[in-house]
2 protein chains.
Amino acid sequence: MTTHAVSLALLCAVAACQNAPRAATDVDPLPSWNDNASKRSIVAFVGRVTKRGDADYVPPAERIAVFDNDGTLWVEQPMYTQLAFALDRVKTLAPSHPVWTTRQPFKAVLEGDKAAIAATGERGVHELVMATHANMTTDEFAKVATDWLATARHPRFRRPYTTLVYQPMLELLAYLRAQGFTTYVVSGGGVEFLRPWTERVYGIPPRQVIGSRIALRYRSDAKAPALDRLPKADFIDDGPGKPVAIEQMIGVRPILAFGNSDGDFEMLEWTTAGRGRRLGLILHHTDDVREFAYDRDTHFGLLSRALDEAAARRWVVVDMKRDWRTVFPP
Amino acid sequence: MTTHAVSLALLCAVAACQNAPRAATDVDPLPSWNDNASKRSIVAFVGRVTKRGDADYVPPAERIAVFDNDGTLWVEQPMYTQLAFALDRVKTLAPSHPVWTTRQPFKAVLEGDKAAIAATGERGVHELVMATHANMTTDEFAKVATDWLATARHPRFRRPYTTLVYQPMLELLAYLRAQGFTTYVVSGGGVEFLRPWTERVYGIPPRQVIGSRIALRYRSDAKAPALDRLPKADFIDDGPGKPVAIEQMIGVRPILAFGNSDGDFEMLEWTTAGRGRRLGLILHHTDDVREFAYDRDTHFGLLSRALDEAAARRWVVVDMKRDWRTVFPP
């Protein structure tokens with residue numbers, strides 16, 4: 001034994017290294033969460049539903065956890081990432097569509113006139129999305145979306161969007177999976193905009209990503225059949241659409257739901273009204289230094305009714321500024 | 001060592017017990033399949049895609065296998081089980097609907113007049129399905145379907161429908177899962193008619209069951225929110241709908257597809273046209289002694305175009321009479 005080894009052995013005796021194996025499992029799975037009530041609620045819930053013999057025990061097959069995406073897993077300000085993609089895409093495609101220079105909402109996008117874009121309302125946004133997301137195959141769209149995400153940068157943070165995911169949420173996803181949960185994204189965003197990267201970034205495979213859908217049509221061809229994306233919405237996965245999609249795609253009611261806006265209200269309600277122990281969580285964006293602060297007055301991620309009713313419904317409101325030690329991955 | 005133990009040791013030496021661990025993995029995973037070309041195609045395919053370093057190797061996350069249900073995993077003659085459920089359900093509900101005794105297609109059902117039911121055509125069947133599958137919550141429907149399956153008996157075999165599943169297919173599902181595949185049901189039948197029992201019978205959990213869907217509407221209520229089944233089709237998972245549903249629900253193209261009718265044609269085409277090694281299989285019902293014999297002339301499970309094109313597309317046609325040692329579980 002070298003002197004160094006002896007020193008280590010002594011240190012170990014003092015620091016209870018003999019308990020190392022046990023200590024290893026005691027490593028904090030949520031180091032980016034401050035030790036506040038929010039974190040304690042999560043850990044207590046997971047402890048109960050995973051403890052055999054406990055009245056609240058839930059078998060692994062039913063440990064379904066659903067997460068909103070925009071504003072819950074990644075940044076949604078100053079606008080939804082997918083909208084930024086659509087606006088960039090209009091600029092890329094403009095040379096092939098000369099009429100766009102004189103036609104709204106395209107003219108407003110090409111001139112960078114945000115007020116004029118907003119003035120075209122939901123119908124304008126719908127038109128922008130269809131012009132940029134449809135009339136190509138599913139394979140072509142996956143490539144366009146992937147290429148854009150590889151080069152686009154967030155206007156404030158100057159980083160790729162897929163790095164503007166929340167570190168505490170990545171830890172929570174990994175922690176839940178380690179405890180036998182199956183984690184799902186249930187997003188108002190388009191499912192095929194998300195699937196190319198959710199496995200790499202969140203550890204969530206394509207089949208566990210639920211989102212809004214554009215209509216698809218199968219084109220038969222023995223050698224190269226294709227799925228064409230039609231310029232028509234097939235399903236909007238928002239508000240009351242979320243529990244509907246959860247039933248259609250998963251077929252089992254979740255026991256944990258995490259959202260950040262009124263668009264997640266029904267998903268939280270459906271989840272937490274089930275029998276047995278349930279956990280509903282809302283991320284409240286309160287940190288304009290490290291991220292953004294918004295709730296009742298925003299175009300993206302409006303949080304009002306869900307905030308008002310959170311206490312009565314025993315939903316945990318996670319305060320970003322107070323509860324998170326770090327926001328983004330290093 | 002006792003005499004008995006010595007004998008065992010000697011026997012072991014003779015019988016090469018030292019190789020026991022290897023011998024264990026050599027147990028035939030498909031004992032109900034005769035050792036014909038069909039079985040050899042399956043085993044060869046699985047061997048290639050699961051062998052690291054092989055040019056055809058497929059990582060587990062992409063080992064998606066999709067199976068039609070009616071006529072592929074369970075009996076579909078003399079009529080789809082779900083239609084038998086609908087007809088029985090009309091009889092059960094009739095006392096609360098006196099008008100049915102004089103109105104088609106209900107009158108024909110109540111009088112057991114099969115020709116008259118058939119004469120009402122697709123519209124009649126649609127009306128029967130909506131009258132028996134809608135206007136209740138998802139929880140209520142799951143109970144009604146489960147209760148019926150627990151007591152209903154097949155008219156010829158006099159056994160519960162969930163026991164009229166094909167033993168060779170149960171073995172194939174288990175074999176594929178043991179080899180890292182994820183197995184899906186992709187059925188023209190209603191997804192919520194299947195989900196209550198697929199895990200118990202096929203080992204396939206609700207989230208891996210894709211099917212036709214009735215429209216759902218979320219009913220908000222803090223204590224007991226519900227999903228109401230509306231009398232309207234939301235999605236028909238048949239023919240070109242199958243690849244669409246596979247993309248919407250799984251988001252990854254399968255590498256193995258197994259069907260038995262022209263309604264599976266596009267699913268087989270979509271699966272086998274993908275890059276790399278793929279396997280398409282068709283179950284041909286050729287055994288009217290042990291099950292049924294039908295293909296081009298049937299109301300349920302019509303198999304014509306897929307049979308004509310199978311050879312050119314290199315789809316394996318499994319001949320029930322020739323290829324299966326047993327049909328149903330003992």
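The values are calculated or read from the model by the stated rules, or taken from the named source; none is laboratory data. Treat the numbers as computed from the prediction; the structure is a model and nothing was measured. In this analysis, Cβ positions are derived from the backbone assuming ideal geometry, glycine residues included, and neighbour counts consider all displayed protein chains. What goes into the accessible areas is simple: the full protein's heavy atoms, side chains included, and nothing from ligands, DNA or RNA. Shrake-Rupley method; radii C 1.70, N 1.55, O 1.52, S 1.80 Å.
For the stretch B:78-121, state the semi-axes of the equivalent ellipsoid (square roots of 5 times the eigenvalues of the alpha-carbon gyration tensor), sorted largest first and rounded to whole angstrom.
Over the Cα atoms of the stretch B:78-121, the semi-axes work out to 17, 13, 7 Å.
For the stretch A:142-301, just the Cα set please: Rg and Dmax, both in angstrom.
17.2, 56
Can you compute the helix-only [θ] at 222 nm over chain B? Use -39500 (n - 2.57) per DSSP H run of at least 4 residues, normalise by all residues, nearest 500 deg cm²/dmol.
About -11500 deg cm²/dmol.
Note down the nm distance, to one decimal, between modelled labels 7 Å out along Cα→Cβ at A:Asp228 and at B:Lys321.
Going from the A:Asp228 label point to the B:Lys321 one covers 4.3 nm.
How much of B:Asp35 can a 1.4 Å solvent probe reach, expressed as accessible area in Å² and rounded to 10?
Estimated to the nearest 10 Å², B:Asp35 gives 100 Å².
Suppose all protein chains stay in the model; what accessible area per residue would a 1.4 Å probe give for the stretch B:98-166, in Å²?
On a per-residue basis, 54 Å².
How big is the dipole moment of the stretch B:88-205 about its Cα centre under a simple scheme where the beta carbon of each Lys and Arg is +1, that of each Asp and Glu is -1, and everything else is neutral? Debye, nearest 20, please.
320
Which of the residues in the stretch A:236-254 lose at least 50 Å² of accessible area when you go from the chain alone to all protein chains together (probe 1.4 Å)?
Residues losing area: A:Val244, A:Glu247, A:Gln248, A:Met249.
Any idea what diffusion coefficient the stretch A:175-238 gets from Stokes-Einstein, in µm²/s, Kirkwood Rh on alpha carbon pairs, 10 °C, 1.306 mPa s?
Reported coefficient: 119 µm²/s.
Can you tell me which lysines have their Cα less than 17 Å from the Cα of B:Lys114? Leave out same-chain residues fewer than eight positions away.
B:Lys91
Consider all pairwise Cα distances in the stretch B:119-174 and report the whole-number % of them above 17 Å.
Cα-Cα pairs of the stretch B:119-174 separated by over 17 Å account for 61 percent.
In the protein assembly as shown, carbon and sulfur make up what percent of the accessible area (probe 1.4 Å)?
Summing carbon and sulfur atoms, their accessible area is 55 percent of the total for the protein assembly as shown.
First obtain the Kirkwood hydrodynamic radius of the stretch A:68-155 from its Cα pairs, then insert it into the Stokes-Einstein equation at 37 °C and 0.692 mPa s, and state the resulting D in µm² per second as a whole number.
239
Per the Kirkwood definition applied to all pairs of different Cα atoms, how many angstroms is the hydrodynamic radius of the stretch A:200-284?
Kirkwood radius, the stretch A:200-284: 14.9 Å.
Could you tell me, in Å, what Rg and Dmax come out for the Cα atoms of chain A?
For chain A, the Cα-based Rg and Dmax read 22.7, 82 Å.
With each pseudo-label sitting 7 Å past Cα toward Cβ, what's the A:Arg313-B:Ala116 distance in nm, one decimal?
5.0
Indicate the residues belonging to the stretch A:269-290 that lose 40 Å² or more of solvent-accessible heavy-atom surface (probe 1.4 Å) upon moving from the chain alone to the assembly of all protein chains, ignoring ligands and nucleic acids.
A:Glu269, A:Trp270, A:Ala273
At 7 Å along the Cα-to-beta-carbon direction for both A:Arg52 and B:Thr151, put a label point, then send me their distance in nm to one decimal.
About 3.7 nm, to one decimal.
Positive end of the dipole of the protein assembly as shown, charges at C-beta (+1 Lys, Arg; -1 Asp, Glu), about the Cα centre: which of B:Ile255, B:Met130, A:Val144 has its Cα farthest in that direction?
Result: B:Ile255, furthest along the dipole toward the positive end.
State log₁₀ I(q)/I(0) for the stretch A:88-222 at q = 0.12, 0.17, 0.18, 0.22 Å⁻¹ as given by the Debye formula over alpha-carbon point scatterers of equal weight, solvent excluded.
Ignoring solvent entirely, the Cα scatterers give -0.62, -1.09, -1.17, -1.41.
Largest first, how would B:Tyr57, B:Tyr175, A:Tyr80 line up by accessible area (1.4 Å probe)?
Ranked list, largest accessible area first: A:Tyr80, B:Tyr57, B:Tyr175.
Given all pairs of different Cα atoms, what value in angstroms does the Kirkwood hydrodynamic radius of the protein assembly as shown take?
Result for the protein assembly as shown, one decimal place: 27.9 Å.
To the nearest 0.05, how large is the calculated FRET efficiency for A:Ile236 and B:Arg296 if R₀ is 45 Å and r is the Cβ-Cβ distance?
With a Förster radius of 45 Å, E is 0.60.
Which order do you get for A:Ile117, A:Ile246 if you rank them by accessible area with a 1.4 Å probe, largest at the top?
Result of the area sort, largest leading: A:Ile117, A:Ile246.
Take the Cα pairs of the stretch B:259-312, get the Kirkwood Rh, then feed it into Stokes-Einstein at 37 °C and 0.692 mPa s and tell me D in µm²/s.
Estimated via Stokes-Einstein, D reaches 276 µm²/s.
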